[in-house]
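Taking it in order: structure first as structure tokens, then the write-up.
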Amino acid sequence: MHRIAHPDLKAPPMHLNRCLAALVFASASLIATAQEKPPMELGQFSVSLAVKDIRASLAFYEKLGFKPVGGKLEQRWIVVQNGTAKIGLFQGMFPKNILTFNPGWGPDRTQLERFQDVRDLQHALKAQGLALDVEADERSEGPAHFMVTDPDGNSLLIDQHVPRPKPAPN
């Protein structure tokens, strides 16, 4: 490319060059941010505790202000809540505590109309190279779950109790 010299034109001041470079960098950052994937929506969070004595555990958490909101004590499991904090107490159902997420549930276990389906979450995590401990059947439509273990050995259960959401209208 040839430049044509014009006697009335001078080279732009150095500070303008720096401003132009900053503008180009900021534009590239905005474009990259716009192309990023939306964050995963794992759903309502609770902790599932492996307890030795369901009645003793329930009595303890009730002293902390938790109230039963689900489960069946005679089946040795119950869910308690204090404000937005939920804890599942499970006797003899699994060997250690689990971090639990429930896609499709809003507060107070209300079913959401729009949410990220458990099978889509599983697919996205596998695409990122995560090895799953238990996988959901990706061809299914109803409730499903998968499990993954974090680098420190903590188990995460993504447990969807509701059917796959209906596609958004066009």
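General remarks:
- Distant-in-sequence amide H partners of Leu112 (H built 1.01 Å from N, under 5 Å): Trp105, Gly106
- Over 32 Å (Cα to Cα) - which of Lys63/Lys126; Lys67/Lys96; Lys72/Lys126; Lys86/Lys166; Lys86/Lys126 fall in this group: Lys63/Lys126; Lys72/Lys126
- Whole-percent carbon and sulfur share, accessible surface of region 35-170, 1.4 Å: 54 percent
- ³J(HN,Hα) computed for each position of region 125-134 - Karplus, 6.51 cos²θ - 1.76 cosθ + 1.60, integer Hz, glycine/proline x: 5, 5, 5, 8, x, 6, 8, 9, 7, 9
- Dipole size of region 102-168 about its Cα centre, with +1 on Lys/Arg Cβ and -1 on Asp/Glu Cβ: approximately 280 debye, rounded to the nearest 20.
- Using the average count of surrounding beta-carbon atoms within 10 Å as a protection proxy, the listed peptides 102-109, 59-66, 127-134 rank, highest first, as 102-109, 59-66, 127-134.
The values are calculated or read from the model by the stated rules, or taken from the named source; none is laboratory data. Note that the coordinates shown come from a computational prediction; the quantities given were computed from them, not determined experimentally. Heads up, the Cβs are rebuilt from the backbone with ideal geometry, glycines too, and the neighbour counts pull from every protein chain shown. Keep in mind that these areas ignore ligands, DNA and RNA; they rest on the heavy atoms of the full protein, side chains included. Shrake-Rupley method; radii C 1.70, N 1.55, O 1.52, S 1.80 Å.
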